[in-house]
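Structure record follows, encoded as structure tokens.
The values are calculated or read from the model by the stated rules, or taken from the named source; none is laboratory data. These numbers were taken from a predicted model, which means no experiment stands behind them. Every residue, glycine among them, receives a Cβ derived from its backbone with ideal geometry; neighbour counts consider all protein chains shown.
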Amino acid sequence: MNDENDDENRDELLFAVKAAKHSIPKGINSHVGEILAFVEGMAPFLGRDIIISLKCHNCDNYAPSFFPVEGDFDIVDPHEYCHVKGQGLHHLSLFTIAKCVEHSQKAQKEMMDLAKRMVEEDLNPTMADKKLYDRNAFASYDLEFKIKPRIGEICIEFGHQNNGDFVDSGIKICLLKRLDPGYGEQTSSIKAVQKSGQMAMVVMAGRNIRRQMGLDEILDKVAEKYYMNIVYL
């Protein structure tokens, strides 16, 4: 079935390119023809999934899932969704996706800048005296942070350095603007606090470790400072 869909995608792109080549008046800049010839040559290798991975995965207008009713987080359809086009990618043709000029990483950059600010201005100063116990090494280490970008979100990982390597403790703070079913059953906990267009801070840490580190009080202040909703998983 996938092979048939890929064939249809390639035929669709080839048809569009050939139609464009025939519609170019003689005397038009030869570079246009060269570009179309290049696309025609690449068409057999450009399936829908490849186009999506090239254009959409890091775009603010794309999400791995979508919610049919705006603001309704109770109904989740696990299809790719283009926010600019207002519909699922499975309803769009490959060529429509390929020629879409709407691309932005503004939201991702804003979240990255905020994560860096949180670490520098809030977490480092307030948690400078905190230690992390590594059960494998039977030792305590100074707490350090690592910022890791993911599609649609930014995660701040808690950990420590060991022989030059960052050792993840399993404690994470993730900033996200769009809800994603990748959180599985925990999605319902996130949707309960997340408002449309407002950033949510998702804290993944056990209650005991949070209490030992005084994490809840620190993060509640951070969430209030940056006008974020917060949920503890």
| query | Regarding ASP134, is this residue under 23 Å from MET204 (Cβ atoms) and either without any contact (Cβ under 8 Å) to a residue 24 or more places away in the chain or in contact with a helix residue (DSSP H, G or I) (Cβ under 9 Å, 6 or more places away or on another chain) (or both)? | reply | no
| task | Out of ALA205, ALA137, report the one residue that is buried (at least 16 other Cβ atoms within 10 Å of the Cβ) and either over 22 Å from ASP60 (Cβ atoms) or over 23 Å from the mean Cα position of the chain (by Cα) (or both). | result | ALA205
| Of (1) modelled with pLDDT of 85 or more; (2) loosely packed, with under 13 Cβ neighbours inside 10 Å; (3) within 17 Å of TYR226 (Cβ to Cβ), GLY197 satisfies all except one. Which? | (1)
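Per-residue answers, yes or no, for (1) modelled with pLDDT of 90 or more; (2) within 30 Å of SER53 (Cβ to Cβ); (3) under 20 Å from the mean Cα position of the chain (by Cα); (4) crowded, with 17+ Cβ neighbours inside 10 Å:
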| residue | (1), (2), (3), (4) |
| --- | --- |
| GLU121 | yes, no, no, no |
| LYS131 | no, no, no, no |
| LYS146 | yes, yes, yes, no |
| CYS155 | yes, yes, yes, yes |
| GLN161 | no, no, no, no |
| ARG178 | no, yes, yes, yes |
| Going through segment 90-107 one residue at a time, which ones are in contact (Cβ under 8 Å) with a residue 24 or more places away in the chain and either touching a Lys or Arg at 6+ places or on another chain (Cβ under 8 Å) or of a type in the set (Asp, Glu) (or both)? | LEU94, ILE97, ALA98, CYS100, GLU102, HIS103, ALA107
